[in-house]
1. Can you name every residue in segment 88-128 that is open to solvent by less than 30 Å² (accessible area, probe 1.4 Å) and among the hydroxyl-bearing types (Ser, Thr, Tyr)?
2. If you take the residues of segment 312-324 that are touching a residue at least 40 places away in the same chain (Cβ under 8 Å) and open to solvent by 60 Å² or more (accessible area, probe 1.4 Å), which of them is farthest from Glu379 (Cα to Cα)?
3. Taking the condition farther than 15 Å from Leu100 by Cβ and not β-branched (Val, Ile, Thr), does Ala32 pass?
4. Conditions first: (1) of a type in the set (Gly, Ala, Ser); (2) at pLDDT below 95; (3) away from ligand 1 (no atom under 12 Å from the Cβ). Gly238 passes all but one, so which condition is the exception?
5. Being open to solvent by 10 Å² or more (accessible area, probe 1.4 Å), in contact (Cβ under 8 Å) with a residue 60 or more places away in the chain and within 21 Å of Cys266 (Cα to Cα) narrows it down to one residue among Thr85, Thr37, Thr79; which is it?
6. Taking the condition of being hydrophobic (A, V, I, L, M, F, W, C) and assigned to a loop (DSSP other than H, G, I, E, B), how many residues in segment 352-361 meet it?
7. Residue check, Ala274 against (1) farther than 30 Å from Thr57 by Cα; (2) in contact (Cβ under 8 Å) with a residue 40 or more places away in the chain; (3) aliphatic (A, V, I, L, M), all met but one. Which one?
8. Do we find that Asp217 is modelled with pLDDT of 95 or more, surrounded by fewer than 17 Cβ atoms within 10 Å (Cβ to Cβ) and assigned by TED's automatic domain parsing to the domain that holds Val123 in this structure?
Amino acid sequence: MSTFVLAIDQGTTSTRAMLFRPDLSVAGLAQAEIAQTYPASGWVEHDPEGIWASVLTTVRAVLARADVPAASVAALGITNQRETTVIWDRATGAPIHPALVWQDRRTADLCANLKAAGHEPLVTARTGLILDPYFSATKIAWLLDFVPGARGRAERGELAFGTIDSWLLWRLTGGLHATDATNAARTALFDIHRGVWDDDLLAVFGIPRALLPEVRDCAGDFGTTRADLFGAAIPIRGVAGDQQAATIGQACFTPGMVKATYGTGCFALLNTGAEAHASRSRLLTTIAYQFGGQRTYALEGSIFVAGAAVQWLRDGLGLLRDAAESGPLAARADPDAGIYLVPAFVGLGAPHWEPDVRGALFGLTRDTGPEAFARAALESVCYQTHDLLAAMRADWPRGDAETVLRADGGMAASDWTMQRLADLLGLPVDRPVVRETTALGVAYLAGWTVGVYPEPEAFARAWRLERRFGPTLSSADRAKRLDGWHRAVRALRGMRAPLEGPSS
Ligand SMILES: Nc1ncnc2c1ncn2[C@@H]1O[C@H](COP(=O)(O)OP(=O)(O)O)[C@@H](O)[C@H]1O
Ligand SMILES: O=P(O)(O)OC[C@H](O)CO
């Protein structure tokens, strides 16, 4: 009998394939890093063929290692880095250009022009988003303008656009062009209230409708994998953007529940139920999930640099051999040195949305060393989370909101960071037993669709706490440190335009 459920989690820095048993325990994991390309300042690209190859490798590896044939897999779920934009040729399946990654800022000027032309209110009203290079729409427009002939081919229906879920679905099924509502909600082309692609927005961004995939529920039929890929056809029964999948994996099904996922970036989502709550604090309104045509919404705070700051310590500065060394190194720093890193490496995300600012380190002295760098990098993630939750509280002042934060993602492995997070938030931080909540969430969707897993209420009851980090800082100490952080952010925002090097 087919009882295993497979999840593909295609993240910014790596692809994971995870196999889950009927009791939701993990039967196997395979992971492959994917290459990051930075062709110019603020530009970030991925190779779609490399992503596809990493999916084939990891799925084959996890099935082989667990000794589970594809025929024993009841369902497959796909979750993915969101917004990242691929356009490919429908006839050949070949991408016309590398993928423009969600972090890519090359369309900042285009966004500024569209804002100046007064289009942002329409974008926000229909999509819950803002005009920022983060979202897919301006990335699509850039590709259509930059790649010779692309616009004409798109208008003739010869090209297909997709976020990474669509790209993988196309390749896995041999030509299904579909996505789910959570991924569609991140394009800035999808009306999240009506659940349809929006013609007015397509006109604003100059995007032909013929490029777009069909939008489906998160839990449902997305075809089957080609039988030749893994030895047998596997039904694809769940798709969700990775932050929404983590919200599901953390069982945040009740309005007021919040999770934050610490991967390359950090994304905090507050479930607001059937209400698409408009933010007054520059948070995003987005679709948390769509089941049976019914949409549940979330307020989202998006930070572009979380684990990426740890990668910078490791790869950029050479201060660490391994990301896991960051917490112990930070623990050796002087706690009162007053050093703040504002890691605006690709601009600032929520709630500031400043694509043009770049990072800065404040408070350096002659004796500032690697320990202080590590501490400032990890604390920057905590401070930014604080600002997101403060914005959520302002937007959605319900009594049951944010009494606790559920945390997950690669960086949640760091005990030091989780404790500091609780301290600087003044809230308990709960870390679950299964930290791979993104993969778990989409495996749950796929398994639920085929009847291997129970209804959401029963799944929520099965959520298990591994460790609660309780706040230990006095409120005066917390306020003093937050004040330092906010002064650093204000100073940086005062330097809006990126600094130019000497002209050559
Ligand atoms: N023990 C740790 N302490 C601090 N950061 C960590 C630790 N382990 C992993 N990370 C960071 O977490 C990130 C990887 O998390 P992951 O959830 O795999 O990200 P993504 O889905 O964006 O690829 C990396 O940026 C890495 O630097
Ligand atoms: O790859 P992650 O986990 O950093 O997530 C990326 C987000 O989906 C971008 O919106």
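1. Result: Thr107, Thr127.
2. Leu317
3. Against the criterion (farther than 15 Å from Leu100 by Cβ and not β-branched (Val, Ile, Thr)), Ala32 qualifies.
4. Looking at each condition in turn, Gly238 falls short on (2).
5. Step by step, each of Thr85, Thr37, Thr79 is checked, and only Thr37 is open to solvent by 10 Å² or more (accessible area, probe 1.4 Å), in contact (Cβ under 8 Å) with a residue 60 or more places away in the chain and within 21 Å of Cys266 (Cα to Cα).
6. 2
7. (2)
8. no
The values are calculated or read from the model by the stated rules, or taken from the named source; none is laboratory data. All values derive from a computational prediction rather than experimental measurement. No Cβ is skipped: glycine too gets one built from the backbone with ideal geometry, and neighbour counts run over all protein chains shown. Quick note on the areas: whole protein, heavy atoms, side chains included, nothing else; ligands and nucleic acids left out. Shrake-Rupley method; radii C 1.70, N 1.55, O 1.52, S 1.80 Å.
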